[in-house]
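Asks: Got a structure for you, questions after.
Since every read-out is calculated from the coordinates, none of them should be taken as a lab result. For clarity, every value in this text was computed on a predicted model and none was experimentally measured. Don't worry about glycine lacking a Cβ; one is built from the backbone with ideal geometry, like all the others, and counts go over all protein chains shown.
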Amino acid sequence: MENLMLSITKVGVMKRKILFLPFLLLVLSASPAAAQNNNVIARDTNGLTSLQKSCVTVGCTVVGQLDGTQGQVFLVTPTQTSSGGLLGGLLGTVFNLLDFIAKLLLQPGVTNAEADQILKVTQSSSLTAPSGLWDNTPVKYFGATVWDGYVHQPAAYIVRLSDEQSMYRRVTGSGTVAVIDTGIDPTHPVFAGVLVTGYDFTRNTSGGSELTDVNQSTMSVVNNAYPVQVNQSTMAVVNQTGATTFQNSQYAAFGHGTMTSGIIHLVAPTAKIMPLKAFQSTGYGNLSDVLRATYYAVQHGANVINMSFDLPTSSQSMNQAVTYANHAGVICVASAGNDGKDELVYPAAFTSMVMGVASTNNQDQRSSFSNYGQDLVWVASPGEGIISPYPYGTYAAGWGTSFSAPFVSGGAALIRSAVSTANQTTAAQALAHAKYINSSLNKGRLDLYQAVSSVQ
């Protein structure tokens with residue numbers, strides 16, 4: 001993931017000067033797409049009117065509100081411009097943005113400000129289709145007709161889902177899981193009866209469907225379908241037309257949200273799913289849209305939030321958003337990232353408020369691509385060749401911590417089935433009853449049977 005990030009708080013002129021050099025280095029290494037986003041996320045505890053007055057003073061426009069009914073977090077656009085060619089323009093943007101944020105922080109009520117970042121959903125690579133992708137035998141699963149390869153895949157047995165379902169027949173998931181991702185295929189048979197109204201923050205429309213990202217209004221990908229690699233982290237069962245379409249960079253993350261939602265449904269089939277589209281089919285999205293989705297989820301009744309994405313640098317506004325969610329009793333889960341390193345990424349590294357999830361293979365070993373470390377990971381779960389629904393009524397297999405996190409989000413919904421008042425602490429403590437592997441994966445690999453048993 002490439003990003004552009006600047007976050008300054010009211011800590012004095014000297015500290016702001018110290019922050020300048022690392023920010024300059026980040027900008028010079030950022031992608032053009034990241035560098036072009038000159039919006040700023042600002043918190044003004046005095047509200048919109050106060051910030052609008054400040055914008056008159058420092059030169060900006062309030063684009064919109066990010067925190068719903070809270071009325072303190074806004075997206076603003078500076079009115080300064082830069083010139084002088086590519087390098088000169090980029091450096092001018094750096095100086096202008098730094099100067100603008102410093103001035104904004106001097107205004108009454110403004111407590112923090114940071115540049116709006118470009119995020120990317122977490123993905124991995126190196127794929128070999130699991131045998132379950134050929135198993136399209138129809139079976140019933142909690143009222144829906146699904147593929148046998150989806151229900152009876154190795155990952156489901158590894159996390160002991162069948163053991164949990166056999167012993168605790170009434171613990172099948174409750175509440176609503178919000179999925180901040182690329183959207184969902186709302187017409188997929190798997191999700192019949194479990195969807196609640198979501199929202200598309202990339203278009204500012206109700207719904208949250210990712211089918212709107214595809215140019216063709218009707219597209220059949222099922223006839224003569226077979227497993228084929230459609231992007232660096234996914235093998236989908238599609239025909240040649242679908243394969244050719246989805247291998248285009250425009251669709252590098254198409255289906256990602258449908259797949260993460262499908263894993264949640266596999267684990268917690270009676271929990272509701274709220275699709276919140278904050279990422280485009282390219283896999284890219286704005287931090288400001290992720291913030292809007294987080295506040296929206298809390299204010300529209302979500303009990304769990306799944307975040308299969310990561311930021312390489314901390315964000316104060318993201319920290320405040322997940323803190324707000326926790327205070328409202330909402331459980332937060334995030335992927336640990338796919339750099340294969342002991343490093344911090346966010347929001348997973350907000351460890352007191354978010355459960356970070358690493359990936360393991362079918363032999364209970366850490367996936368080579370998965371990040372690790374106790375300061376990042378709470379638990380791990382399978383993340384290689386995970387079979388899940390894919391748009392247009394078909395299925396796919398995915399690799400990455402993106403597909404590990406929703407196992408834990410589904411697990412949190414199971415804990416809510418057993419303990420209706422479960423919050424972040426309750427869920428984290430229950431899910432910590434896992435199979436220990438080594439210290440780099442903290443509590444160990446997810447064990448749903450143990451987790452639910454701990455709260456019975």
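Asks: Can you give the relative contact order of the chain as a percent, counting alpha carbon pairs under 8 Å and 6+ residues apart?
Replies: RCO, the chain: 17 percent.
Asks: May I have the count of lysine pairs in the chain with C-alpha atoms under 25 Å apart, counting pairs 8 or more residues apart or located on different chains?
Replies: Lysine pairs satisfying the spacing and distance rule in the chain number 11.
Asks: For the chain, what is the charge dipole size about the Cα centre, in debye to the nearest 20, if Lys and Arg each add +1 at the Cβ and Asp and Glu each add -1 at the Cβ?
Replies: Here the size comes out at about 760 debye.
Asks: Within a Cβ distance under 15 Å of M167, other residues only, what is the Lys/Arg minus Asp/Glu net charge? The partial results should precede the final answer.
Replies: Values: positive: R160, R169, R170; negative: D163, E164, D447.
The answer is 0.
Asks: Now for a separate question. Select from A451, P389, P406 the residue farthest towards the positive end of the dipole of the chain; place +1 on Cβ of Lys and Arg, -1 on Cβ of Asp and Glu, and compute about the Cα centre.
Replies: A451
Asks: Can I ask one more? So for the chain, taking the charge dipole from beta-carbon charges (+1 Lys/Arg, -1 Asp/Glu), which of G198, S131, V56 sits furthest toward the positive end?
Replies: Toward the positive end, the furthest listed residue is V56.
Asks: Right, next: In whole Hz, what ³J(HN,Hα) sequence does segment 145-152 give by Karplus (6.51, -1.76, 1.60; θ = phi - 60°), x for Gly and Pro?
Replies: 8, 10, 7, 4, x, 6, 6, 10
Asks: Follow-up question, since we're still on this one. Where both partners of a DSSP beta bridge lie in the chain, what percent of those bridges are antiparallel, to the nearest 5? Don't skip to the end; give the middle numbers.
Replies: On the way: 46 of 72 bridges.
If I count the DSSP bridges inside the chain, around 65 percent turn out antiparallel.
Asks: What does the highest-first list of 420-430, 54-64, 298-308 look like by mean Cβ count within 10 Å?
Replies: Per-residue Cβ counts within 10 Å, averaged per peptide and sorted highest first, yield 298-308, 420-430, 54-64.
Asks: Could you tell me the calculated FRET efficiency between S50 and T187, based on Cβ-Cβ distance and R0 = 41 angstrom, to the nearest 0.05?
Replies: Efficiency, rounded to the nearest 0.05: 0.35.
Asks: Rounded to the nearest 20 Debye, what is the dipole magnitude of segment 264-362 about its Cα centre when Lys and Arg each give +1 and Asp and Glu each give -1 at the C-beta?
Replies: 340 debye
Asks: I would also like to ask the following. For the charge dipole of the chain, defined by +1 on Lys and Arg C-beta atoms and -1 on Asp and Glu C-beta atoms about the Cα centroid, which residue among G373, N423, G356 has the Cα displaced farthest towards the positive pole?
Replies: N423
Asks: Moving to a separate point now. Okay, helix-only estimate at 222 nm for the chain: each DSSP H run of n ≥ 4 adds -39500 (n - 2.57), divide by all residues, round to 500 deg cm²/dmol; what do you get?
Replies: -9000 deg cm²/dmol
Asks: Would you pull out the residues with amide H under 5 Å of I184's amide H, same chain only if 5 or more places away, H placed 1.01 Å from N?
Replies: S209, E210, L211
Asks: On the first, second and third principal axes, largest extent first, how far apart are the outermost C-alpha atoms of segment 388-456 in Å?
Replies: Result for segment 388-456: principal-axis Cα extents of 38, 31, 18 Å.
Asks: OK, next. I need the phi-derived Karplus couplings for segment 291-305: 6.51 cos²θ - 1.76 cosθ + 1.60, θ = phi - 60°, integer Hz, Gly and Pro marked x.
Replies: These are the phi-based 3J(HN,Hα) values: 4, 4, 5, 5, 5, 4, 4, 5, 7, 10, x, 5, 10, 9, 10 Hz.
Asks: How big, in percent, is the set of alpha carbon pairs in segment 184-321 lying more than 23 Å apart?
Replies: Working: 3453 of 9453 pairs.
That fraction is 37 percent.
Asks: What's the long-distance tail for the chain, i.e. % of Cα pairs beyond 43 Å?
Replies: 13 percent
Asks: Let me ask you something else. So which cysteines of the chain have no other cysteine's Cβ under 4.7 Å from theirs?
Replies: Singleton cysteines: C332.
Asks: A further question follows. Kindly provide the Kirkwood hydrodynamic radius of segment 230-298 in Å, to one decimal, from all pairs of distinct alpha carbon atoms.
Replies: Working: mean 1/r = 0.0738 Å⁻¹.
For segment 230-298, the Kirkwood estimate is 13.5 Å.
Asks: Just to confirm a number: summing +1 for Lys and Arg and -1 for Asp and Glu over residues other than V62 whose beta-carbon lies under 11 angstrom from that of V62, what do you get?
Replies: Summing Lys/Arg as +1 and Asp/Glu as -1 gives 0.
Asks: Rounded to whole Hz and in sequence order, give me ³J(HN,Hα) for segment 435-448 from the Karplus expression 6.51 cos²θ - 1.76 cosθ + 1.60, θ = phi - 60°, writing x for Gly and Pro.
Replies: 7, 5, 10, 6, 5, 5, 10, 6, 6, x, 7, 3, 10, 5
Asks: What is the angle, in °, between the Cα long axis of helix 48-58 and the longest principal axis of the Cα atoms in the chain? Nearest 10 is fine, range 0 to 90.
Replies: 50 degrees
Asks: 5 Å is the cut-off here: which amide hydrogens, built 1.01 Å from N in the peptide plane, fall below it relative to E343, excluding neighbours closer than 5 in sequence?
Replies: When sequence neighbours closer than 5 places are left aside, the close amide H contacts are Y372.
Asks: Let me ask you something else. Can you list residues from other chains, or at least 5 along the same chain, whose modelled amide H is less than 5 Å from the amide H of Y390?
Replies: Hits under the 5 Å cutoff: Y395, A396.
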